[in-house]
Amino acid sequence: MAKFSINLKEGKINKETELIIGIDLGTTNSLVAYIKDGVPVTVKNEIQKSSLLPSIVHFGAAETILVGDAAKERIVTDPANTVYSVKRLMGKSFGDVADFKQYFGYQVIDEDTESLVKIRVKDRFYSPIELSAIILKELKKRIEANLNRTVNKAVITVPAYFNDVQRQATRDAGKLAGLDVLRIVNEPTAASLAYGITVDKSEGQTIAVYDLGGGTFDISILHIEDGIFEVLATNGDTFLGGDDLDRAIVELWMARNGLDAEALHQNKQLSQQLRLKAEEAKKALSQADKFEDTYEHLNLGLSKDEFETAIKPLIERTIKHCAAALKDAELDTNQIDHVIMVGGSTRTPLVKKLVADYFKTAVNDTLDPDEVVAMGAAIQADILAGNQRELLLLDVTPLSLGIETVGGLMDVIIPRNSKVPSKAGRQYTTSVDGQKNLKVSVYQGERDLVEHNRKLGEFILKDIPPMPAGLPKIDIQFILDADGILKVKASELRSATEQSIAIKSPYSLSEEEMAKMLIDSIQHAEQDMKDRALLEARNEAQNILLSTEKFLKQHRNILNEKEIGRTTELATILKEAKSGTDKDAINKAIEELNEFTAPLAHRAMDHTIAEAMKGKKI
Ligand code: AMP
């Protein structure tokens with residue numbers, strides 16, 4: 001149904017169709033885009049005529065807030081009150097970011113390491129969600145002014161490796177900015193949409209999205225088939241980008257002009273100037289073969305060859321990540337059909353060349369690498385608005401999701417790299433007679449013991465009717481929706497008792513940690529397997545000891561002293577083995593106890609049946 005409104009300024013009637021905007025909420029810059037006459041366009045600001053809104057917020061005196069270019073200038077003049085790179089803090093606890101807190105010029109608060117970070121500016125505390133909301137509000141304002149209408153629905157992009165907490169935080173930021181976030185879309189998926197890689201139905205295509213921005217590098221391998229996108233693998237480095245190329249140039253100039261690190265440390269003005277000049281040189285060398293300049297008698301000339309020699313090792317590092325992603329996706333370079341370039345730093349010719357060489361194919365670089373993600377978000381928004389053929393967007397989970405079972409073992413319910421949305425479940429039971437409550441602790445990670453994984457949340461399934469251990473049927477369902485938000489539901493099937501949570505936990509993972517967890521899980525695989533086997537043996541021993549104890553109590557009357565004595569003796573041996581670390585010794589003790597008690601259990605059963613039959617006369 002078409003709605004219309006009156007534009008008082010121009011005295012015109014606007015026929016308003018539903019407008020959903022696309023937003024690229026970036027670490028360095030953010031953009032907003034929409035579909036105009038069938039094509040995606042980004043919205044520029046009125047003064048600088050740039051579509052990039054620096055993702056920077058400055059808090060001035062008397063509650064004034066500056067966003068974007070105006071705030072960017074304050075990074076140098078008023079660092080304590082200027083917040084940048086807030087995306088790095090989304091959904092993170094202080095523990096997650098403690099290692100790189102010196103990276104921020106503003107104050108990141110450590111209240112207790114498990115709660116989400118807060119940023120202190122003067123006497124106020126802001127969450128990364130609130131700060132992102134300020135940036136989103138600015139984008140909303142920009143497009144509303146440009147189109148002269150209100151907008152309240154958006155699609156926002158996030159990196160493919162963002163976990164459910166980070167995705168939820170992004171949604172919350174949108175909500176806070178007055179935007180109904182209809183979909184969270186992966187950045188590489190958006191970039192592929194912008195390049196129109198929708199293929200003929202018969203054949204799927206595999207795409208590598210190479211994203212080198214100002215401070216971060218991401219490589220994503222996607223597969224698209226029948227309009228369905230799937231993330232096969234992601235890799236990258238959160239601290240590798242254009243800034244590092246600038247630094248390489250500064251170092252080259254320092255060496256040439258006989259300056260050492262201390263000289264730069266002492267002279268902040270010089271350091272800042274060299275950095276700016278380096279970026280200028282780098283950008284110039286994307287077109288020219290030579291850059292010439294001086295600063296206070298320092299020779300700041302740079303040839304393209306010198307530049308390329310200096311940055312080659314950095315670009316080679318990105319190629320290593322590409323290889324790791326391909327390995328994860330179990331693919332070879334010749335299986336990649338398209339390579340898409342995203343991020344301002346992919347304008348550097350050597351970047352394009354080395355990437356094309358590695359993938360042995362020409363790269364897609366016809367769209368503006370800064371705008372391509374926002375454009376794709378706008379296309380996704382348009383699809384949701386019903387203006388385009390529906391495309392299903394599919395992603396994968398970067399880490400396994402599961403619950404803690406007895407002995408601290410991780411029981412994976414949705415394995416790593418499962419397609420999203422995804423639903424999986426498993427049945428469990430109680431380990432104690434008459435158990436009324438069951439704690440369900442949800443973890444993320446690849447290790448066998450939950451203590452090495454990350455806890456996402458927990459809840460208690462209450463009011464299970466009293467039943468002997470092992471009888472309740474507890475069904476645990478994991479439902480991961482299209483945005484990567486996890487809902488966990490537990491129900492006792494015999495009594496229809498039910499409890500569920502949506503994971504909104506204060507924990508989250510940095511990309512480094514995620515990579516580390518994956519590496520750790522491989523390096524520790526052997527030890528983890530041993531630990532798991534030991535714990536499983538101990539769990540089994542515990543169950544058998546409990547039932548033996550129960551058996552002795554209930555059936556003492558049909559057992560003789562010798563039998564009681566030997567059972568107790570074997571149980572003691574098992575108890576001792578259980579407290580040791582030799583799983584084989586435990587298993588052996590289990591077997592011996594079982595072997596001895598099996599005939600006794602039979603006798604007890606016969607006796608019980610006979611007792612039950614007594615007095616039942618026909
Ligand atoms: P992004 O985070 O995607 O906006 O990327 C910004 C990065 O792209 C910064 O490091 C810029 O210096 C870099 N950049 C912008 N324009 C160029 C260019 N013409 N050549 C090389 N790098 C560029």
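The values are calculated or read from the model by the stated rules, or taken from the named source; none is laboratory data. This structure is a prediction, so every number in the text was calculated from the model and none was measured. Cβ: placed from backbone, ideal geometry, glycine included. Neighbour counts: every protein chain shown. Just the protein is used for accessible areas: all its heavy atoms, side chains included, with ligands, DNA and RNA removed. Shrake-Rupley method; radii C 1.70, N 1.55, O 1.52, S 1.80 Å.
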Sort out which residues of the stretch 479-499 are surrounded by 15 or more Cβ atoms within 10 Å (Cβ to Cβ) and hydroxyl-bearing (Ser, Thr, Tyr), and write them in order of number.
-> Ser491, Thr497
Of the listed residues (Thr150, Thr157), the one being open to solvent by 50 Å² or more (accessible area, probe 1.4 Å) and β-branched (Val, Ile, Thr) is Thr150
How do the pairs read when you match residues in the stretch 553-573 that are in contact (Cβ under 8 Å) with a residue 60 or more places away in the chain and assigned by TED's automatic domain parsing to the domain that holds Ala585 with residues anywhere that are assigned to a helix (DSSP H, G or I) and open to solvent by 100 Å² or more (accessible area, probe 1.4 Å), using Cβ under 6 Å and keeping only pairs 6 or more apart or on different chains?
-> none
Note down all Cβ pairs under 7 Å where the first residue falls in the stretch 237-264 and is more than 16 Å from the ligand (Cβ to nearest atom), the second is open to solvent by 30 Å² or more (accessible area, probe 1.4 Å) and among the polar types (S, T, N, Q), and they're at least six residues apart or on different chains.
-> Arg256/Asn299; Asn257/Asn299; Leu264/Ser271
Only strands (runs of 3 or more DSSP E) wholly contained in the stretch 24-130 count here; list those with 1 or more residues that are in contact with a Leu (Cβ under 8 Å, 6 or more places away or on another chain).
-> 29-36, 39-42, 57-59, 65-67, 107-109, 118-121
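Considering the stretch 162-191 alone, what residues qualify as being closer than 19 Å to Leu116 by Cα and not in a helix (DSSP H, G or I)?
Across the stretch 162-191, the qualifying residues are Phe162, Asn163.
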1 or more residues within 13 Å of Thr348 (Cα to Cα) and open to solvent by less than 90 Å² (accessible area, probe 1.4 Å): qualifying helices (runs of 4 or more DSSP H) within the stretch 256-332 | 268-284, 304-328
More than 16 Å from Leu31 (Cβ to Cβ) and not hydroxyl-bearing (Ser, Thr, Tyr) - does that describe any residue in the stretch 364-375?
-> yes
Leading residue by the ranking (farthest from Ser127 (Cα to Cα)) among those in the stretch 164-189 that are in contact with a strand residue (DSSP E or B) (Cβ under 7 Å, 6 or more places away or on another chain) and of a type in the set (S, T, N, Q) = Thr189
Subset of the stretch 204-219 [of a type in the set (Ser, Thr, Tyr) and either more than 16 Å from the ligand (Cβ to nearest atom) or open to solvent by 10 Å² or more (accessible area, probe 1.4 Å) (or both)] | Thr206, Thr216
